[in-house]
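So the structure is just underneath, and the comments pick up after that.
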Amino acid sequence: MEERGPSEERRSSDGSSYADAADDGLLKEYNSDLEAQKESAPLVVEHQVSFRSKMLSLTAYFILNLALTLSNKAVLGKASFPWLLTTLHTSATSIGCFLMFGFGSLKLTPLTSRENLTLVAFSVLFTFNIAFSNVSLALVSVPFHQIMRSTCPIVTILIYHTCYGRTYSTATYLTMIPLILGVGLTTAGDYYCTLAGFTITLIGVILASVKPVATNRLMTGSIAFSAMEVLLRLSPLAAIQCIICAFLTGELERFRLAYAGGEFSNSFGVGLLANAVIAFALNIISFQTNKVAGALTMTVCGNVKQVLTIGLGIVLFNVEVGWLNAVGTAITVLGAVWYSKVELDIKRSRALQKG
């Protein structure tokens, strides 16, 4: 049998060397590892959703949000009980979700004790967000409150960068300028605040920015709840906390006296029922939109909602505004259009890179 030297290659039947075959095997294994790493890397859900789906969700969100804003204005104009109104919203959402669960349209995910505590903490965040907003409105002027709230997109970006190491394109950062400047001009007025008012309003802004981020993480993180399951688990907790706040602030007693005095008509009851149904629908759409569009987009929508609400006030309630307010509205809307274009360009760029 012929011996081969150490420098000679052994050949397979097709003429290729066994060393080449080994190298090919290592290369395939390396590529397989890379693909596995890509598959195991966390995907940002909002980047996997089509632009059309996002726009449809955002449109539904805007319509329901404005409808609820107008309904809330009508209800609170007749009965100023904000905590009880929020209790109505969360209770209606709880009832709707439990009905869907009862009909088998919703299934619950088994949770650990730590995950249950996370949900309780989120419900507390929801309640504190409302509380700080209500308290700050009593300590600062409405224009100051609105201009502070308009910075929520910036705070959201900072939260994502600090906690998750997420960055955005330069164009995205630049779109924040007209979005905040526009709200400032639209709401221009008497900017007044105390030190305590500024502090509480700032905390409220942080909480208002943490809330959509936390909501998004609940639906896209390790647990990956559906929007309906999040609402099913959180709404009862939020309703209990809101009714406690209504008791502590004296709203329950004032409502009892008003009801005993016959201040509420049957038509008011019908209005409350319609308000509750809209709130239930908005909660579902809001959480689903957060999942597909992202927390930053939701805070941008909050800025646009501010100026659109003022625009509706002009049409429906004859609210008088100056030319500066009108310019601010236009700037905010253009800023939102620019932001949408940037998001679409990024989506197209990712699609080309994958292709």
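The values are calculated or read from the model by the stated rules, or taken from the named source; none is laboratory data. Quick caveat: nothing in here was measured; it's all calculated off a predicted structure. Here the Cβ is made from the backbone with ideal geometry for all residues, glycine too, and neighbour counts use every protein chain on show. Ligands, DNA and RNA are excluded from the accessible area calculation, which covers all protein heavy atoms including side chains. Shrake-Rupley method; radii C 1.70, N 1.55, O 1.52, S 1.80 Å.
Residue 239 meets the conditions (1) hydrophobic (A, V, I, L, M, F, W, C); (2) in a helix (DSSP H, G or I); (3) open to solvent by 40 Å² or more (accessible area, probe 1.4 Å) in every case but one. The failed one is (3). On the stretch given as the range 159-184, residues that are open to solvent by 70 Å² or more (accessible area, probe 1.4 Å) and in a helix (DSSP H, G or I) total 9.
Within the range 114-128, no residue that is farther than 14 Å from residue 212 by Cα sits with its Cβ atom under 7 Å from a residue that is assigned to a helix (DSSP H, G or I) and of a type in the set (Gly, Ala, Ser) at 6+ positions apart or across chains.
Among the conditions (1) modelled with pLDDT of 85 or more; (2) open to solvent by 60 Å² or more (accessible area, probe 1.4 Å); (3) not in a helix (DSSP H, G or I), residue 59 misses just one, which is (3). Number of residues in the range 249-282 that are open to solvent by 40 Å² or more (accessible area, probe 1.4 Å) and either among the charged types (D, E, K, R) or within 15 Å of residue 227 (Cβ to Cβ) (or both) equals 5.
Could you identify the single residue in 264, 268 that is more than 30 Å from residue 180 (Cβ to Cβ), among the hydrophobic types (A, V, I, L, M, F, W, C) and not in a helix (DSSP H, G or I)? Walk me through it before giving the result.
Numbers: 268 fails: not in a helix (DSSP H, G or I).
Just one listed residue meets the conditions, 264.
Going by the conditions given, is residue 246 crowded, with 16+ Cβ neighbours inside 10 Å and either more than 25 Å from the chain's Cα centre (by Cα) or under 30 Å from residue 167 (Cβ atoms) (or both)? I'd like the intermediate steps shown before the answer.
Working: crowded, with 16+ Cβ neighbours inside 10 Å: yes; either more than 25 Å from the chain's Cα centre (by Cα) or under 30 Å from residue 167 (Cβ atoms) (or both): yes.
The answer is yes for residue 246.
Is the range 307-321 home to any residue that is in a helix (DSSP H, G or I), over 21 Å from residue 66 (Cα atoms) and free of Cβ contacts under 8 Å to residues at least 24 places away in the same chain? Reasoning before the result, please.
Just the residues of the range 307-321 that are in a helix (DSSP H, G or I), to begin with: 307-317.
Imposing the further condition that a residue be over 21 Å from residue 66 (Cα atoms) reduces the set to none.
No, every residue in the range 307-321 fails to be in a helix (DSSP H, G or I), over 21 Å from residue 66 (Cα atoms) and free of Cβ contacts under 8 Å to residues at least 24 places away in the same chain.
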